[in-house]
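Asks: Encoded as structure tokens, here's the structure I'll be asking about.
The values are calculated or read from the model by the stated rules, or taken from the named source; none is laboratory data. Quantities reported herein were computed from a predicted structural model and do not represent experimental measurements. A quick note on method: Cβ atoms are made from the backbone with ideal geometry, for glycine too, and the neighbour counts reach across all protein chains shown. Heavy atoms of the whole protein, side chains included, go into the accessibility calculation; ligands, DNA and RNA do not. Shrake-Rupley method; radii C 1.70, N 1.55, O 1.52, S 1.80 Å.
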Amino acid sequence: MKPDKHSRRQFISTGARASIALGLGGSLIAGATQAADAPQPAAWTESPLFQTPYHQTPLPYDYGALEPSIDAMTMEIHYTKHAAAYTKNLNEAAVAEKVDTSKPLEALLARINKYSEKLRNNAGGHYNHEMFWKSMKAPASDNAPGGSLQAAIDSKFGGFDKLKTVFGDAAKARFGSGWAWLILKDKSLLVTSTPNQDNPLMPVAGTTGIPLLGLDVWEHAYYLKYQNKRPDYIGSWWNVVNWDYVQQRFDTAMK
Ligand code: MN
């Protein structure tokens, strides 16, 4: 759904309220006039939760902490090789394309269509992985969302099990490499997926919004342990989702 001209002008001139900027910001900026060419970090980026730096932050747990859902060797290679390469290449491209790296990465992602394919792939790669690590924790039994997020999931999807089905289907259906997402768009939950290292903050995403939770379905994320069995990886991953973190993102994005 496209915003009308009035709301577009309003966004550019006054800045939008937190969640509106996120939900619509990408598509607004994508087709926008000169005024939107200046970096427009949305209000929600004021929260540290939505300020991703241009360097890798330390893993919040050991490589083996997510066993048996995700094995230690996969975690180590994923973090120190794959994700590290995105970060390195992001910084190279940012220098070459004169990106203001004092601003959060989210501000760049919101106007990534102005930059090269290299910047798009690696800015997305860095952002997606930084969020991915934080959205996991040691496995727990009965691991499920609670509080207001649970209520929103119940109301939108008809329960956590239904969300798992919808999200799992999106993750399985993503052809080749990419991500499945739980996002907030216009203060409503939505499941989407993106190819490669794209994400819902990018104007190029089919559906833009605030990412609350993302699942990496590149083979490098699961192949050592699960080989071709992506559905088994998805099923086991639910045990290590850090719902406290997802709830914090949800709370902040809803403000
Ligand atoms: Mn990955």
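Asks: Could you calculate the contour length gain from residue 223 to residue 114, that is, 0.36 nm times the residue separation minus the distance between their Cα atoms, to one decimal place in nm?
Replies: Working: separation 109, 0.36 × 109 = 39.24 nm, distance 3.40 nm.
Extending this stretch completely gives an extra 35.8 nm.
Asks: Using a 1.4 Å probe on the protein heavy atoms, what percent of the accessible area of the range 78-179 belongs to carbon and sulfur? Could the numbers behind the result be given before it?
Replies: Numbers: 2420 of 4550 Å².
That share works out to 53 percent.
Asks: Let me ask another. Could you list, in their original order, any pairs among 185/225; 134/162; 162/229 whose Cα atoms are separated by more than 29 Å? All intermediate terms of the calculation are to be shown ahead of the outcome.
Replies: Details: 185/225 34 Å; 134/162 24 Å; 162/229 21 Å.
Among 185/225; 134/162; 162/229, the Cα-Cα distance tops 29 Å for 185/225.
Asks: Sum up the charges of everything whose Cβ sits under 11 Å from the Cβ of residue 72, counting Lys and Arg as +1 and Asp and Glu as -1, but leave residue 72 out.
Replies: On the way: positive: 225; negative: 62, 67, 71, 76.
Summing Lys/Arg as +1 and Asp/Glu as -1 gives -3.
Asks: Give 88/187; 103/255; 81/156; 103/164 a once-over and call out the pairs whose C-alpha atoms are over 29 Å from each other. Provide the component values of the computation, followed by the final result.
Replies: Details: 88/187 34 Å; 103/255 21 Å; 81/156 38 Å; 103/164 34 Å.
Check vs 29 Å cut-off fails for 88/187; 81/156; 103/164.
Asks: In a shell of Cβ-Cβ distance under 12 Å around residue 120, excluding residue 120 itself, what net charge do Lys and Arg (+1) and Asp and Glu (-1) give?
Replies: Values: positive: 111, 114, 118; negative: 97, 117, 198.
Summing Lys/Arg as +1 and Asp/Glu as -1 gives 0.
Asks: Excluding residue 201 itself, what net charge comes from residues whose Cβ is under 11 Å from its Cβ, given Lys and Arg +1 and Asp and Glu -1?
Replies: On the way: positive: 111; negative: 106, 198.
Local charge sum for residue 201: -1.
Asks: Using Stokes-Einstein with the Kirkwood hydrodynamic radius over Cα pairs, what translational diffusion coefficient do you get for the range 71-254 at 25 °C and a viscosity of 0.890 mPa s, in µm²/s rounded to a whole number? Display every interim value, and only then the final one.
Replies: On the way: Rh = 16.9 Å.
D, rounded to a whole number, is 146 µm²/s.
Asks: Something else about it: Can you list residues from other chains, or at least 5 along the same chain, whose modelled amide H is less than 5 Å from the amide H of residue 184?
Replies: Under 5 Å from the amide H of residue 184 lie the amide H atoms of 210, 212, each far enough along the sequence or on another chain.
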